[in-house]
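Novice: What follows is a structure written as structure tokens; I'll ask about it next.
The values are calculated or read from the model by the stated rules, or taken from the named source; none is laboratory data. Worth saying up front: this structure is predicted, and the values here are computed from it rather than measured. Here Cβ is always computed from backbone atoms with ideal geometry, including for glycine, and neighbour counts include all displayed protein chains. Heads up: the accessible areas ignore ligands, DNA and RNA and are worked out on the full protein's heavy atoms, side chains in. Shrake-Rupley method; radii C 1.70, N 1.55, O 1.52, S 1.80 Å.
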Amino acid sequence: MIEARVARSVGELPQSEWDALAQGNPFLSYAFLTALEDSGSVGPGTGWTAAPITIADTAGRLVAALPAWLKGHSQGEYVFDHAWADAWHRAGGSYYPKLQIAVPFTPATGPRLLLADPALAQPLLRAAEQLCEANELSSAHATFIAPEQLPLFEAAGWLLRSDIQFHWHNRGYASFDDFLGQLSSRKRKDLRKERAAAQDGVEIRALTGRDIRPEHWDAFWQFYQDTGARKWGRPYLTREAFDLFGERMAERILLVLAFAGGRAIAGALNFIGPDALYGRYWGAVVDKPFLHFELCYYQAIDAAIAMGLSRVEAGAQGGHKLARGYEPVQTWSAHYIVHPGFREAVADFLERERAGVTADQLHLGARTPFRKG
């Protein structure tokens, strides 16, 4: 018999055992998830209630886990199911609460089944299903799943959904100029002009580890608030979350700041993974042409080349990334719908949606700035 349990938080679980399952992913690390919990970014009043599902061996050590949350809304997920919620409510059902298997506010791919033994995947997913069924949750949703784990969800009968992000791929480049050499002549000139314009009159500093000081977080908090207020109405993260990131995982953070006249005017926050750089947040207190592209995309490429990372994931949406060397990549989610009739309707919708996403990826792939032939 395999017994699964639901914990009240990641913070009540053993750090070393959790991190051993997290495979080095910065967003699944104990440091990141407990920073969200301890800062109040998730928890009471946020609509995100921690409910990690775990399996332990006979000695009590964690051998499998799901980073799961009870959700009272669909905000901060970046895989949009509002239409599903509306349809289910019109049919007389209650879509919320639901179970979300994800990293809050983080549209970055990664493992969602944290496993010491692949054989535990199906028991772990069955535990999530039983949690929904026993507590009258409408559904469970695992978002931004690492592609290699898709067969595990598919084998359990979960419905698969795809979308598109833009990622930059490092094809063994020795420098940014080496990367530019693979672009068409016109695009190469455009990017050089953008970088020159963005850097004019500005000092750019890329900071990590102990070089990130409290005043840098103070400045970035201003940038983040401005962007958050315009995009989401209010920022998802609290001010304390950034302090805790700095205290607990500064060596896995790359903070790129732009200064003018000795004052920080813009910044981009990245997290460093074993093989990828993840761009997460950006903001500015001045409007300077192309500075967004420089801090979020070009500086990230520079850093990925220097660190020998294979890709940059620059977050959700943003077709403007295509012209800057970021290529269309399919991202994946998996969904368990409790009610058979509702499940059938969602499955029909997803089949039609997937055809459109595939066509979009082919169309976008033909528009990349790389030299043809």
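Novice: Please state, to two decimals, what the Cα-based radius of gyration of the stretch 275-350 comes to when divided by 2.2 N^0.38 Å (N = residues).
Specialist: Values: Rg = 17.9 Å, N = 76, 2.2 N^0.38 = 11.4 Å.
Output field value: 1.57.
Novice: On to the next question. Pull out the extension gain between ASP275 and GLU133, defined as 0.36 nm times the separation in residues minus the alpha carbon to alpha carbon distance; nm, one decimal.
Specialist: 47.4 nm
Novice: A further question follows. Does anyone have the angle between helix 121-134 and the longest principal axis of the chain? Alpha-carbon axes, 0 to 90°, nearest 10?
Specialist: That works out to roughly 70 degrees.
Novice: So, one more: Rounded to the nearest 0.05, what FRET efficiency is calculated for THR227 and LYS193 with R0 set to 25 Å and r the Cβ-Cβ distance?
Specialist: Working from the Cβ atoms, E equals 0.50.
Novice: What do you get for the angle between helix 239-249 and the principal long axis of the chain? Use alpha-carbon atoms, 0 to 90 degrees, nearest ten.
Specialist: Value to nearest ten degrees: 90.
Novice: Then there's this: Please return the longest stretch of the chain lacking exposed loop sites, where GluC sites (Glu not before Pro) count only if DSSP places them in a loop and at most 10 other Cβ atoms lie within 10 Å.
Specialist: In short, 137-373.
Novice: Rounded to the nearest 0.05, what FRET efficiency is calculated for SER310 and GLU247 with R0 set to 22 Å and r the Cβ-Cβ distance?
Specialist: Details: r = 29 Å, r/R0 = 1.30.
Calculated transfer efficiency: 0.15.
Novice: Can you work out the Karplus-derived ³J(HN,Hα) for every residue in the stretch 194-200? Use 6.51 cos²θ - 1.76 cosθ + 1.60 with θ = phi - 60°, whole Hz, and x for glycine or proline.
Specialist: 5, 5, 5, 5, 5, 7, 5
Novice: With bins 10 Å wide starting at 0, give me the P(r) of the stretch 224-352 over every alpha carbon pair, in whole percents.
Specialist: Distribution as computed: 10, 33, 31, 16, 8, 1, 0 percent.
Novice: Would you list which lysines come within 24 Å of LYS193, measuring only between C-alpha atoms, while excluding same-chain residues fewer than 8 positions from it?
Specialist: Partners within reach: LYS288, LYS321, LYS372.
Novice: When all alpha-carbon pairs of the stretch 1-114 are counted, what percent fall beyond 21 Å? List each step's numbers first, then the result.
Specialist: Numbers: 2519 of 6441 pairs.
Tail of the P(r) past 21 Å holds 39 percent of the pairs.
Novice: Moving on. What value, in deg cm²/dmol to 500, does the helix sum -39500 (n - 2.57) over DSSP H runs of n ≥ 4 give at 222 nm once divided by the residues of the chain? Display every interim value, and only then the final one.
Specialist: Details: 11 runs with 129 residues, N = 373.
Value at 222 nm, helices only: -10500 deg cm²/dmol.
Novice: Per 10 Å bin, what percent of the C-alpha pairs of the chain does each bin hold, from zero upward?
Specialist: Each 10 Å bin holds this share of Cα pairs: 5, 23, 31, 25, 13, 3, 0.
Novice: Taking 8 Å as the Cα distance limit and 6 or more residues as the minimum spacing, I'd like the relative contact order of the stretch 62-176 as a percentage.
Specialist: This gives 29 percent for the stretch 62-176.
Novice: Would you report the distance distribution of C-alpha pairs in the stretch 38-167 as whole percents per 10 angstrom bin, up to the bin with the largest distance?
Specialist: Calculated over all Cα pairs of the stretch 38-167, the distribution is 11, 42, 36, 10, 1 percent.
Novice: Sequence gap at least 6, Cα distance under 8 Å: using those rules, report the relative contact order of the chain to the nearest whole percent.
Specialist: Relative contact order, the chain: 20 percent.
Novice: Still on this structure, I have one more. List the residues of the stretch 240-278 whose backbone N lies under 19 Å from a point placed 7 Å from the Cα of GLU203 along the Cα-to-Cβ direction.
Specialist: It comes to 255-268, nothing else.
Novice: Just the number please: accessible area per residue for the chain, 1.4 Å probe, all protein chains included, in Å².
Specialist: Values: 16130 Å² over 373 residues.
Roughly 43 Å² per residue, with all protein chains present.
Novice: Another question, then. When the accessible area of the chain is split by element with a 1.4 Å probe, what percent falls to carbon and sulfur?
Specialist: That fraction is 51 percent.
Novice: Sequence gap at least 6, Cα distance under 8 Å: using those rules, report the relative contact order of the stretch 112-231 to the nearest whole percent.
Specialist: Numbers: 26 pairs, mean separation 19.0, N = 120.
Relative contact order of the stretch 112-231: 16 percent.
Novice: In addition: So if I take the centroid of the Cα atoms in the stretch 53-79 and the same for the stretch 173-235, what is the distance between those two points in Å?
Specialist: Spelled out, the Cα-based centre of one part sits 34 Å from the other.
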